[in-house]
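Chemist: This is the structure I want to talk about, given as structure tokens.
The values are calculated or read from the model by the stated rules, or taken from the named source; none is laboratory data. Note that the structure is predicted; figures quoted are calculated from it, not measured. Glycine gets a Cβ as well: all are built from the backbone with ideal geometry, and neighbour counts include every protein chain shown. The area values use the complete protein model at the heavy-atom level, side chains included, leaving out ligands, DNA and RNA. Shrake-Rupley method; radii C 1.70, N 1.55, O 1.52, S 1.80 Å.
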Amino acid sequence: YQRRVRDAENPDNSRRAAIQSDDIALMELAILPNSGFIGRSATDINLRTRYGVNLLAVSRQGQRSMARLRTMSMKAGDVLLMQGPPAAIQDFASRLGCVPP
């Protein structure tokens, strides 16, 4: 209850709490040439179910992709914006051949 009162008094408190959450992180990952994600989509690999992470955006050759993310086939060099628990993002990255850009 006390936190809700403080958040109501200062709306920036609730935004800061979300950004600083230890539970969820945003991370960019680049797809390596030997990645198991190449030619596959988020749906193909059951990204959310299997790894517990969300794909929020894809940048290809410096341009944000406007394609539907869940069905978009990935290519080497694509930069992914991922959301999820830090350990889950790291697990996904190590299993499928992605690294921070």
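Chemist: Sort the range 15-98 into rounded, prolate or oblate with this rule: let a ≥ b ≥ c be the square roots of the eigenvalues of the Cα gyration tensor; rounded if a/c is under 1.5, and if a/c is not under 1.5, prolate when a/b is larger than b/c, oblate otherwise. Could you put the intermediate results ahead of the total?
Modeler: Details: a/c = 1.78, a/b = 1.45, b/c = 1.23.
Prolate, because a/c is 1.5 or more and a/b exceeds b/c.
Chemist: Let me ask you something else. Accessible area per residue for the range 39-101 in Å², computed with a 1.4 Å probe and the full protein assembly in place, what is it?
Modeler: 59
Chemist: Where does the charge balance sit around Leu47 when Lys and Arg score +1, Asp and Glu -1, over other residues with C-beta under 15 Å from its C-beta?
Modeler: The answer is +3.
Chemist: Taking amide H atoms as placed 1.01 Å from N in the peptide plane, list the residues 5 or more away in sequence, or in a different chain, whose amide H sits under 5 Å from that of Ala25.
Modeler: Gly84
Chemist: Quick check: net charge around Ala76, other residues with Cβ under 14 Å of its Cβ, Lys/Arg +1 and Asp/Glu -1? Each step should come with its number before you reach the end.
Modeler: Numbers: positive: Arg40, Arg60, Lys75; negative: Asp78.
Net charge around Ala76: +2.
Chemist: Any chance you could run the full-extension gain for Asp44 through Ser94? It's 0.36 nm times the residue separation minus the Cα-Cα distance, nm to one decimal. Display every interim value, and only then the final one.
Modeler: Values: separation 50, 0.36 × 50 = 18.00 nm, distance 1.78 nm.
This chain segment gains 16.2 nm when fully extended.
Chemist: Once you put a point 7 Å from the Cα of Thr71 and another 7 Å from the Cα of Asp23, both along the Cβ direction, what distance in nm separates them?
Modeler: Placing both labels 7 Å beyond Cα along the Cβ direction yields 3.3 nm.
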